[in-house]
Amino acid sequence: MKRNAKIIGLAGVLALCLLLTGCYQPPDEVNNGGQNGTTATPFFNTVAPSPTIQITPDTKPVDVQNTIAGINIGQQTEQPTQPSGSDNGWGNWGQAPTDTPSAPSTPTPFPSGMIQLITAAPDGTVPTAGTITAIPVTPTPTVAPVTPTPTPKSLQRGFTGSDAVRAVQKRLKELGFYKGSADGDFGPATEEAVKAFQKANGLTADGKVGEKTLAKMNGTSAVSAKQANATAAPKATAKNNPKVTNTPRPTATPDLSKDVYLELNTKGKKVETLQRRLIELGWLEGSVTGRYDETTEAAVSAFQKKAKLWVDGKAGPDTLKKLYSSSAPRGSNPIASKRETLELGSEGNEVKRMQQKLKDLNYLSGSVDGKFGVATEAAVIAFQKNNNLTADGKAGTATLNKLYSGTAKKSSGTQINLSSDDGHTSGRDTSGISSTGYITLEDGSSGEQVRTLQKRLKDLGYYTGSVDGNYGDGTKAAVIAFQQRNNLKADGKAGPATQRVLYGSKSNITYGSMRQGEESSAVKNMQYTLYELDYYDGAIDGKYGQTTADAVRAFQIQNKITPVDGVAGSKTLSKLYSSDAIPATAADPNYDTVQYGDTGMLVQDVQGCLIDYGYLDQMTGVYDDATVAAVKAFQSAHGLTPDGKCGQNTLQVLFGY
């Protein structure tokens, strides 16, 4: 029996040696099946090593699969215990037991991050738990891949449509170095702003936005333009640099050691110096004002174009450097001599700019529209007269020079309203038109009637010229001013309506009726009078059509004449040809509301219109239920509140006003 035990023991040692040298694998290493087809608990489960290191005696059998030359690497999970019924428990290790195993004990797990070293016993027997030691191993940390930060792309002049450039421009604006728009276009202005930022922040001023510039720009330590100016060296005082007055000297060159930007509406000594230099070089005409106005801007633009610089009309560092250099190009004539002449019918931004300037000087009122009409022409004439220029109504070189200079005189008279400026009305045919003894006087007319007109305008303070009987520009401007003040069509022509208001005359004539469908010279006279009062803007052709009838209806509403029927009867014409006829733009009509139960002429007028429009069947003269229903239907169809009452708004729409 003892002999058998020794043989078994030696066999076990031999098996162990084979295992240690990797020359033998037990069957269970590849057999994952348990008894009766069940899944066996695996002998090992490799997991990632933990950084925590503990040394704990191993109490489990050797992990065969992960053992190489006596060294066990990794962490082991729970393993099967020695099966019962064997003499020493090792003969059947690794094989499925044939009898019922005993309840497994819970072994102490082999610590993670350890190397399990198996040492043979001195007598060559199977190693015991005490001879298996754990040696700590420092795990190699897993390092996440690092994506290298790309070097920022250098932004420079010529880049267009870039969001990166737009972001730089916005940042430069925040810091006060850039005044243009953040449009994403890296132009000269952006380049100059970058240079200014770089100089203020101790960087190489090359105008390119590289890594260092971008980092500084977006950092909290970025120096703003305001901070840079605050820390700039103080200017030299007169005490240290006494002024020399005996020897004349050329225009002083400004200090260009730091960036200077001069543009429209800038004021001060630097602008004065700039203007002197522009005058010396023949680019600017006029006096030195110290204000960067439109003329100065135009002169700078012309200089930039000649010097092959970026043309923006702003005097930045590059422009100033070239301007004050010995190689600065000269202009043959002052810039104003190259201005385009603006006159009646001209349109565009130049006209709009001129109108705004005339407004600033109190010659015009209203919204500028960029259209050179008769009101604009009258304002130009008034400006020319007040500034001792040829009063021809055309804004040429001399006029625009004076207008944009700092010495232009303001108007102390009546402003001309742009709201009725119409460049087409001056061309309306008014030949042969007369009424109540008045004929139309206009540009080119002459004689005693013109002299009477001039005297009356002079008495009222509208005319300052000589009473010579010639209807010229001065007379035309005075007529426009009078028409503006009296809510008449401001076309510069003294028609019958204008003269009646001017002289305060009234008509004692009894008129016959005219209605739609007629054609005569009397209709033509009426049309022109309605035009003068701003009710009619159709053709003055003597044909009584729908447009003429609507104008008559509007006149009747404004002047509270009933019935409002669009027929020019005696009452309507007597009011129309009087000096107290109310123009369309004088005031809104103020009607009393007519409603259920009312009677009278206004009710009849309402019912007549409702019948014409197909909302009512018959006229009763009483504001009855049928009238209320018809008014509600009319109001709903025209976007009015359907309350069945004829108030101000309903009456205006109903009467076609």
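The values are calculated or read from the model by the stated rules, or taken from the named source; none is laboratory data. Remember, it's a predicted structure, so these values are computed and weren't measured experimentally. All Cβ positions, even for glycine, are placed from backbone atoms using ideal geometry, and neighbour counts span all protein chains on display. We work out accessible area using only protein heavy atoms, side chains counted, and drop any ligands, DNA or RNA first. Shrake-Rupley method; radii C 1.70, N 1.55, O 1.52, S 1.80 Å.
Here are a few things to note about the model shown:
- Whichever residue in region 530-543 is within 46 Å of the chain's Cα centre (by Cα) and surrounded by fewer than 20 Cβ atoms within 10 Å (Cβ to Cβ) and, among such residues, is farthest from residue 603 (Cα to Cα): 539
- Within region 462-477, residues that are within 17 Å of residue 416 (Cβ to Cβ) sit with their Cβ atoms under 6 Å from residues that are surrounded by fewer than 17 Cβ atoms within 10 Å (Cβ to Cβ), at 6+ positions apart or across chains, in these pairs: 476/443.
- Residue check for residue 160: open to solvent by 60 Å² or more (accessible area, probe 1.4 Å), among the β-branched types (Val, Ile, Thr) and either under 30 Å from residue 7 (Cβ atoms) or modelled with pLDDT of 50 or more (or both): yes
- Scanning region 372-415 for residues that are in contact with a Leu (Cβ under 9 Å, 6 or more places away or on another chain) and charged (D, E, K, R) yields 377, 394, 402, 409, 410.
- Selection over region 602-612 of residues that are open to solvent by 70 Å² or more (accessible area, probe 1.4 Å) and within 17 Å of residue 649 (Cα to Cα) gives a count of 0.
- Qualifying residue in region 640-653 (condition: touching a Pro at 6+ places or on another chain (Cβ under 9 Å), at negative phi and either exposed (fewer than 14 other Cβ atoms within 10 Å of the Cβ) or at pLDDT 90 or above (or both)): yes
- The residues of region 511-541 that are in contact with a Ser or Thr (Cβ under 6 Å, 6 or more places away or on another chain) and either among the aliphatic types (A, V, I, L, M) or in a loop (DSSP other than H, G, I, E, B) (or both), listed by number, are 511, 534, 538.
- Considering 516, 546, 527, the condition of being loosely packed, with under 15 Cβ neighbours inside 10 Å and under 52 Å from the mean Cα position of the chain (by Cα) is satisfied by 546 alone.
- For region 212-230, the set of residues classified as under 13 Å from residue 156 (Cβ atoms) and in contact (Cβ under 8 Å) with a residue 24 or more places away in the chain consists of 214 only.
- Members of region 189-206 found to be β-branched (Val, Ile, Thr) and surrounded by fewer than 24 Cβ atoms within 10 Å (Cβ to Cβ), listed by number: 204
- Within region 471-513, considering residues that are over 45 Å from the mean Cα position of the chain (by Cα) and among the aliphatic types (A, V, I, L, M), the one nearest to residue 374 (Cα to Cα): 494
- Flag set for residue 552, criterion: on the phi < 0 side of the Ramachandran plot, in a helix (DSSP H, G or I) and open to solvent by less than 10 Å² (accessible area, probe 1.4 Å).
- Options 345, 331; residue that is on the phi > 0 side of the Ramachandran plot and either at pLDDT 80 or above or not aromatic (Phe, Trp, Tyr) (or both): 345
- Among the candidates 599, 585, residue that is open to solvent by 10 Å² or more (accessible area, probe 1.4 Å), touching a residue at least 60 places away in the same chain (Cβ under 8 Å) and either touching a Phe, Trp or Tyr at 6+ places or on another chain (Cβ under 8 Å) or farther than 13 Å from residue 651 by Cα (or both): 585
- Residue count for region 433-451, restricted to those that are within 23 Å of residue 581 (Cα to Cα) and of a type outside the set (Val, Ile, Thr): 7
- Within the option set 476, 524, being basic (Lys, Arg) and farther than 25 Å from residue 378 by Cα holds for one residue only, 524.
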